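The values are calculated or read from the model by the stated rules, or taken from the named source; none is laboratory data. Note that this is a predicted model, so its numbers are computed, not measured. Here the Cβ is made from the backbone with ideal geometry for all residues, glycine too, and neighbour counts use every protein chain on show.
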Amino acid sequence: MNARKGGLILLGLLASLCLVSCGGGNSETASGGGIGGTGYVSSGTITAFGSIRVNGVEFDTGNALVSIAGRPAGRGNQAVRENLAVGQFVVVEGTVNQEGLSGNASRVSFTPHVKGPITELVVLDPLVIKIIVLGQTLIIDKKTVLRDTTAGALAVNNFVEVSGLPDEGDVIRATFLRKREDTFAPSAEVEVKGMVQNPDFSGKTFRLGALWVDYSRAELFSHPDAGPMVGQWVRVKGRLGIGARMEATEIGPADESIMFKADRLDVEGMVTEFVSGADFKVGSVKVQAQESTKFIGGKIEELAPGSRIRVRGRFLNGVLIAQQVFFHNPVQLESRISSKDSARRTLSLSGLEPITVTVTCLTKMAPGSRGFEDLRVENFIKIRGDVGTGSSVVAERLQVIPSPPLADSVVLQGPVEEIFRPNLVILGVTVDTSSIPGDHFEGFTGSDRPSEFFRNLQVGDPVKVRGKIAGTNQVLWEGNSLEKGS
């Protein structure tokens, strides 16, 4: 978390540089791990295909075994393309090279969180839908990758397959949804995975969320004769029974169990339990941050229940010792509210007027910050969020600062859309860098001259810049202390 004087900072590729500075050797390996371990494991959502990209690493899958719901589905790139999709949460076993941008996958495993009928659907606001499938509550929003449907076309009794990330309330934030059929057939096989709760060994039942599972006739894989134990991650196949009950035919360990056998982990997820910035859980993985842990794209004090992050480090005695913590949301905004539309739940910020900020029912209000209804023009706020349509931003976290240290300050972080030196455009805001001192530019590896900065800059790179209001809707971009982002 080193403070720097730069006024404009190029944020891309920093994940790999942190890996080089903090790691050792030429690769982290799935076969050369510590005693009893499986080496390197990366768990996260698929963001792109080349071979496959997970957690910023492009894995060569030319010889990778693909496992779907615990069963082999082929090997190599063709099996990857035929069985996997962007947005699905997968577990990758393999190696990652020293630069942290590429690796080799020996196995890629995917199991949907749920595959079954939608039994309840509620539109929470224009950008958020809640559905219930097999007793699991799931949230569909603008980040959900949809296949064979649209958000508006979803309906009760659709047969869907969903993958996602559990949050602090045990709600699945869907990263991927595929509609398999318009209408669910009662005889169809359903699937669910989760952490075992309330096991009854004599009655041979346990609970996954609001779903009761009867495993009296199920085939058990890798479980003791007594049955699944509390806290175990399991995948279950079967048929729907009467009420909120599933008659299991097969139970085995979920893909998440692979992580607990690793020596090195790179895990994406949401903060599900939070004691402090040094003691929290991501998904089901306990994380311990140390003084040497690097927080990238945010600060330790910004960690909170529900934060979507990625953690990389060593897995020792059931705890992930974090070397790097990457904040997921790529947009950061700081300024005063210049206008508010209560009907649309949108805000504009001074100096950043091209950007429309949408506050949804999922937006986390920081401690001391009340709801949207209590926000007032001239409130100074900090926002962390995601890029929406055009120059819009969907707020993930919002904090009101009653007494900001610099009342006229402005912070903007987001992906670059246009470059025409000395100007660049971020989220529709034109940033004139001619006011920034020449020694206040930071590139991939540290301080850059402006010419080097612009030579390395590409459209899509995330950039963070700080300035102050210098007139009506005008910002003088200048040097200040900046935090590198992911």
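Observations
- Selection from region 222-239 of residues that are more than 16 Å from GLY194 (Cβ to Cβ) and either touching a residue at least 60 places away in the same chain (Cβ under 8 Å) or among the charged types (D, E, K, R) (or both): ASP225, ARG239
- Test result for PHE59, modelled with pLDDT of 50 or more and surrounded by 22 or more Cβ atoms within 10 Å (Cβ to Cβ): yes
- Matching residues in region 172-206 - criterion: being hydrophobic (A, V, I, L, M, F, W, C), in contact with a Lys or Arg (Cβ under 9 Å, 6 or more places away or on another chain) and at pLDDT below 95: VAL196
- For region 372-383, residues that are in a strand (DSSP E or B) and under 25 Å from the mean Cα position of the chain (by Cα) total 3.
- From the options LYS294, LYS340, LYS299, residue that is more than 18 Å from LYS143 (Cβ to Cβ), surrounded by fewer than 15 Cβ atoms within 10 Å (Cβ to Cβ), among the basic types (Lys, Arg) and in contact (Cβ under 8 Å) with a residue 24 or more places away in the chain: LYS299
One line per residue, one yes/no per condition, for (1) under 28 Å from the mean Cα position of the chain (by Cα); (2) in contact (Cβ under 8 Å) with a residue 12 or more places away in the chain; (3) in a loop (DSSP other than H, G, I, E, B):
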position: VAL359; (1), (2), (3): yes, yes, no
position: ARG370; (1), (2), (3): yes, yes, yes
position: GLY385; (1), (2), (3): yes, yes, no
position: VAL393; (1), (2), (3): yes, yes, no
position: LEU406; (1), (2), (3): no, yes, yes
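- Hits in region 93-126 (condition: among the aliphatic types (A, V, I, L, M), surrounded by fewer than 19 Cβ atoms within 10 Å (Cβ to Cβ) and within 22 Å of the chain's Cα centre (by Cα)): LEU101, LEU124
- Leading residue by the ranking (surrounded by the fewest Cβ atoms within 10 Å (Cβ to Cβ)) among those in region 127-158 that are in contact (Cβ under 8 Å) with a residue 60 or more places away in the chain, not basic (Lys, Arg) and not in a strand (DSSP E or B): LEU127
- Test: residue in region 262-285 that is in contact (Cβ under 8 Å) with a residue 24 or more places away in the chain, over 20 Å from the mean Cα position of the chain (by Cα) and either closer than 30 Å to GLU396 by Cβ or assigned to a loop (DSSP other than H, G, I, E, B) (or both): yes
- Residues in region 103-124 that are among the β-branched types (Val, Ile, Thr) and part of a strand (DSSP E or B): VAL108, VAL114, ILE118, THR119, VAL122, VAL123.
- Scanning region 283-309 for residues that are under 15 Å from VAL41 (Cβ atoms) and modelled with pLDDT of 95 or more turns up just one, VAL287.
- Considering residues of region 343-357 that are outside any loop (DSSP other than H, G, I, E, B) and not small (Gly, Ala, Ser) only, the residue surrounded by the most Cβ atoms within 10 Å (Cβ to Cβ): LEU347
- Residue within region 407-428 that is small (Gly, Ala, Ser), modelled with pLDDT of 90 or more and surrounded by fewer than 18 Cβ atoms within 10 Å (Cβ to Cβ) present: yes
- Test: ASN317 is on the phi > 0 side of the Ramachandran plot and out of contact with any Leu (no Cβ under 9 Å at 6 or more places or on another chain): yes
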